[in-house]
Amino acid sequence: MTKFIFVTGGVMSGIGKGVTAASIGKILQVRGFKVTAAKIDPYLNVDAGTMNPIIHGEVFVTEDGGEIDMDIGTYERFLDINIPKDHNMTTGQVYLSVIDRERRGDFLGRCVQIIPHITDEIKQRIVQIATRNSSDVALIEIGGTVGDIESLPYLEAARQMKLEQGYENVLYVHVTLVPVLDVVGEQKTKPTQHSVQELRRIGIQPDIIVARSQKPLLAEPKKKIALFCNVEEKAVFTSPDIQTVYETPLVLDRQNLGEYLTERLKLSRRKANWTDWEKTVNSFTNPRHEIRIAMCGKYTELADSYVSVNEALRHAAAFCNSKLSIDWIETEVLEDDASALQTLSKFDGVLVPGGFGSRGTEGKIKAINYARLRDMPYLGICLGFQLATVEFARSIGLQDANSTEIDPDATYPVIDIMPEQKRVEYKGATMRLGAHEITISPGTIAEKLYRTRRIYERHRHRYEVNPGYLDQLTKAGAVFSARNTEGTRMEILELPDKYFYFATQFHGEFKSRPNRPSPPYYGFIKACLDKKLGMPKPQFWA
Ligand code: GLN
């Protein structure tokens, strides 16, 4: 029998509900329970693929090609599992299938309504997610904040599930914020009280409250939360700001969250084995070196739009005992300001991440050119791979080489739309997506980094290296060291005579884990560190 843990959020968004939910998963996983996780997004989009990452955060790509909410990435990193795309449920998906069945005639004679038809569909999907994997525990995070109109059907479904599945099989965790007023320095619990009142009005009495705050929750506010929110005091947990998010499971379990969960859900009592996780956390908290990376993109694409890239860099830095600082360089500025380009010299490495559209691309090409000519470690991801190819082509005389995404009339279209993409009319879920098999050539840096010649990495793109220019590019020294199995699609570009110059068509960041960095990211960070320490060409995994 699978146990269901519903995680809701109160007071405001962006307080780390996903990290809390993933930490609960970890707490159960280190006790030997099989855990899975799902995220509900109450918006009408069918998936996150068509949304702007600047507003909604990164679009995470799953192994099975889903373009989904970035919180699923948090679950994958914490729990070290691959989560299928249908674990990200949206209102768009739910309504689409109910309306489709109505048209088919499945409900003939009846009036189709939110309760029970939409709520039944939600419950059925939740049960399917949990049972298909025969998980001991399924974490179900409900996006948004309690009180939103959009999330009402999901809360109603979660409420019904306790009646149907039984008291000891369903548990509700509410994550809230406890702000501190500067003037008096007091931890204020009123917003939490209100948000729990809102939940109880819908019929959900939370079992556990996790209070996010700058500092640990003091005894008095904790008592108050217990009293006013109608929970036991030992069920109020504090989650203060900490150095690395990966420490959160430890912080919560030290307050006996694991014991409380297993008792309440009548799970067998098992000893937690934190050894590996503690080792991982230590690698993040005790750095010996420091590395500075220039992330060259569009200025507005901040923090959340590249979560997985940032995390992959941090995993690699921790692995190399290094502290990492990432500076955003606005590439539009590099386009006509030569002195701005010079600022790149103070960094240990240059990274151009994935992206879409033409704005800022000439600046990105300038940054790539700067890194290549000065032999600075370079890592290119997806668009950063395509533009590295463009920059190289221009350097060997194909003067206005470009990607047709940027200049449809380029004389030398070295990056071009994939033939099968030309027929695509619908924008949703039609890119080349998800994990594809890749074959690495022997004797290359790619082989040294991956230590195998067959890999599976995740993709999200419509354009690729134009095979018509392969001969010219490779004769001039570009090495496409990995390709798809048929050998027709270029997956990795490396310049072997450089200190470290590596670019991938795929997104290694989606498979990076805190204790197992993605090989390209590891290679890049190791090269940045070795170069900074004045070492000869980097030795990997030594
Ligand atoms: N815009 C490019 C393409 O569609 C790169 C995509 C990306 O960087 N994810 O191929």
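What to note about this one:
- Here the condition is being modelled with pLDDT of 95 or more, closer than 24 Å to V127 by Cβ and open to solvent by 20 Å² or more (accessible area, probe 1.4 Å); of I5, I27, I99, it holds for I99 alone.
- Sole residue being touching a Lys or Arg at 6+ places or on another chain (Cβ under 6 Å), away from the ligand (no atom under 15 Å from the Cβ) and either within 22 Å of G355 (Cα to Cα) or open to solvent by less than 40 Å² (accessible area, probe 1.4 Å) (or both), chosen from I445, I440: I440
- Among the residues here, E168 does not qualify as without any contact (Cβ under 8 Å) to a residue 60 or more places away in the chain, open to solvent by 50 Å² or more (accessible area, probe 1.4 Å), of a type outside the set (A, V, I, L, M) and part of a helix (DSSP H, G or I).
- Test: residue in the range 441-454 that is assigned to a strand (DSSP E or B), aromatic (F, W, Y) and under 23 Å from S518 (Cα atoms): no
- Filtered residues of the range 386-429 (kept if within 11 Å of the ligand (Cβ to nearest atom) and surrounded by fewer than 24 Cβ atoms within 10 Å (Cβ to Cβ)): T404, E405, I406, D416, I417, M418, Q421
- Contacts under 8 angstrom Cβ, first residue in the range 365-384 being among the polar types (S, T, N, Q), partner modelled with pLDDT of 95 or more, 6 or more apart: N369/E391; N369/S395
- Scope the range 386-430; condition assigned to a loop (DSSP other than H, G, I, E, B) and in contact with an Asp or Glu (Cβ under 8 Å, 6 or more places away or on another chain); matching residues: D400, T404, D407, A410, T411, Y412, M418, G428, A429
- Strands (runs of 3 or more DSSP E) completely within the range 459-542 that count 1 or more residues being open to solvent by 50 Å² or more (accessible area, probe 1.4 Å) and either at pLDDT 95 or above or farther than 22 Å from G73 by Cα (or both): 479-484
- Residues in the range 2-18 that are hydroxyl-bearing (S, T, Y) and either within 18 Å of V170 (Cβ to Cβ) or without any contact (Cβ under 8 Å) to a residue 12 or more places away in the chain (or both): T2, T8.
- Test for K323: is it surrounded by fewer than 23 Cβ atoms within 10 Å (Cβ to Cβ), free of Cβ contacts under 8 Å to residues at least 40 places away in the same chain and under 30 Å from V251 (Cα atoms): yes
- Residue list for the range 483-499, filter: closer than 30 Å to G534 by Cβ, touching a strand residue (DSSP E or B) at 6+ places or on another chain (Cβ under 8 Å) and away from the ligand (no atom under 16 Å from the Cβ): E494, L495, P496, K498
- Among the residues listed as R269, R264, R292, the single one being open to solvent by 10 Å² or more (accessible area, probe 1.4 Å) and without any contact (Cβ under 8 Å) to a residue 12 or more places away in the chain: R269
- Counting only residues that are touching a helix residue (DSSP H, G or I) at 6+ places or on another chain (Cβ under 7 Å), modelled with pLDDT under 95 and of a type in the set (G, A, S), the range 30-58 holds 2 of them.
- Strands (runs of 3 or more DSSP E) within the range 1-114 that include 1 or more residues over 21 Å from the mean Cα position of the chain (by Cα) and aliphatic (A, V, I, L, M): 3-9
For (1) assigned to a helix (DSSP H, G or I); (2) open to solvent by less than 60 Å² (accessible area, probe 1.4 Å); (3) among the hydrophobic types (A, V, I, L, M, F, W, C); (4) more than 29 Å from K188 (Cα to Cα), each residue gets a yes or a no:
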{"position": "D120", "(1), (2), (3), (4)": "yes, no, no, yes"}
{"position": "K123", "(1), (2), (3), (4)": "yes, yes, no, yes"}
{"position": "Q128", "(1), (2), (3), (4)": "yes, no, no, yes"}
{"position": "T131", "(1), (2), (3), (4)": "yes, no, no, yes"}
{"position": "G147", "(1), (2), (3), (4)": "no, yes, no, no"}
{"position": "Y154", "(1), (2), (3), (4)": "yes, yes, no, no"}
{"position": "A157", "(1), (2), (3), (4)": "yes, yes, yes, yes"}
{"position": "M161", "(1), (2), (3), (4)": "yes, yes, yes, yes"}
{"position": "V173", "(1), (2), (3), (4)": "no, yes, yes, no"}
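- Qualifying residue in the range 344-352 (condition: in contact with a helix residue (DSSP H, G or I) (Cβ under 6 Å, 6 or more places away or on another chain), more than 27 Å from A446 (Cα to Cα) and either at pLDDT below 95 or surrounded by fewer than 24 Cβ atoms within 10 Å (Cβ to Cβ) (or both)): no
- Inside the range 175-193, residues that are in a strand (DSSP E or B) and among the polar types (S, T, N, Q) make up a count of 2.
- Cβ pairs under 6 Å, 6+ apart, first in the range 405-430 and of a type in the set (S, T, Y), second surrounded by 12 or more Cβ atoms within 10 Å (Cβ to Cβ) and assigned to a loop (DSSP other than H, G, I, E, B): T411/D400; Y412/L398; Y412/A401; T430/V424
- Single unsatisfied condition, Q399 versus (1) modelled with pLDDT under 95; (2) in contact with a Leu (Cβ under 7 Å, 6 or more places away or on another chain): (2)
- Residue-level analysis places Y450 outside the set of residues that are more than 24 Å from the chain's Cα centre (by Cα) and open to solvent by 10 Å² or more (accessible area, probe 1.4 Å).
- Exactly one residue out of Y456, Y450, Y463 is under 26 Å from A312 (Cβ atoms) and within 16 Å of the ligand (Cβ to nearest atom): that is Y463.
The values are calculated or read from the model by the stated rules, or taken from the named source; none is laboratory data. Keep in mind the model is a prediction, meaning the values are calculated, not measured. Quick reminder, even Gly has a Cβ in these numbers, built from the backbone with ideal geometry, and neighbours come from all protein chains shown. Side chains included, ligands, DNA and RNA excluded: accessible areas come from the protein's heavy atoms. Shrake-Rupley method; radii C 1.70, N 1.55, O 1.52, S 1.80 Å.
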